[in-house]
Amino acid sequence: MIKRELKVNLRGFIIWTGTLLVLLLLIYLVYPSIISDGKGNKVNEMLEAFPPDLLKAFNMDISSLDSAFGWLKSEGFVFLYLITGIYSCLLGSNILLKEESEKTIEYLASLPITRRRVVLDKIVVSMIYIISMIVVLGVFNLVALNISENPDNRQLLLLSITPVFPAVVLFALGLFISTFTHKTKKMLGISIGFVFASYILSVISEMGESVRGFQYLSVFTLADSRRVIADSELNPVCAVISVVLCAVFIVLSLVRYQRKELV
């Protein structure tokens, strides 16, 4: 079952990861010309005109844009959080539903395996691909930045881990929500909408003390990249919360799928 799922989901993994690698490569090739001849300092001077809370939302108050590593610590990781989050949520919301939409659920039902085993095998495969994507991106960033400049490798390695925390929660949440429907198209809109809504709440929460509470409604708060940039350490509380939320949604998914009427 696991070998089958690895094969079925390989194409999507390659497309998503390959596209991200190409985009990052283009940025690393172009960025030196953007910041050459003192242009990087001019960009930083221009950013000083922006409201402090807006700069904080993108880590631009603690990270300079005069290098590719500086860009990665600010806008770069925001981009990676969004894309890995969308991929994870879509994977979770479709990995069970596609069996119904592609009419292969009857084949699975004929096998001598339980529904629980089906769900657990799919979860294992999904986690393999989610973590593999984040590892591949982390290794690529590490190699590319060490070739072009001299980044803080400890900080870069820790930052490369942070996308795992929101990604696994989004996967588990997508998996749980998918047990309430039979339509993959509906889940596509729900998944993408939820990821962007969560990101917007994360940005809004940095706009002032009066809206700080919105951070507790966003899964992207779990990444806590600011702590890594400021202190070069991961937030253990966020890591624990990510594991707990992921486990809770997976258990709920198992319970729901046992009772779901399959078509």
From the cross-link list K7/K185; K122/K183; K7/K98; K73/K122, the entries with a Cα-Cα span beyond 25 Å are K73/K122
Proxy exposure order for K3, K122 (fewest C-beta within 10 Å first) is K3, K122
Assertion target for E233, E206, ordered by fewest C-beta neighbours within 10 angstrom first, is E233, E206
So which DSSP H runs in the chain come out at 15 Å plus along the axis (Cα) with average Kyte-Doolittle of at least -0.5? 2-34, 77-94, 115-148, 164-178, 184-204, 236-259
Quick one: compute a quarter of the convex hull surface over the Cα atoms of the chain and quote it in nm². 14.7
Taking Y81, Y28 and counting other beta carbon atoms within 10 angstrom, the fewest-first order is Y28, Y81
Can you give the FRET efficiency for S210 and E261, using 1/(1 + (r/R0)^6), R0 = 51 Å, r = Cβ-Cβ distance, to the nearest 0.05? 0.65
Determine by what factor the alpha-carbon radius of gyration of region 156-219 differs from 2.2 N^0.38 Å, reporting the quotient. 1.32
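Bear in mind that the values in this text are calculations on the coordinates, not laboratory data. Bear in mind that the values here come from a model prediction, so they are computed numbers and not experimental data. Ideal geometry is used to build each Cβ from the backbone, glycine not excepted, and the neighbour counts take in all protein chains shown.
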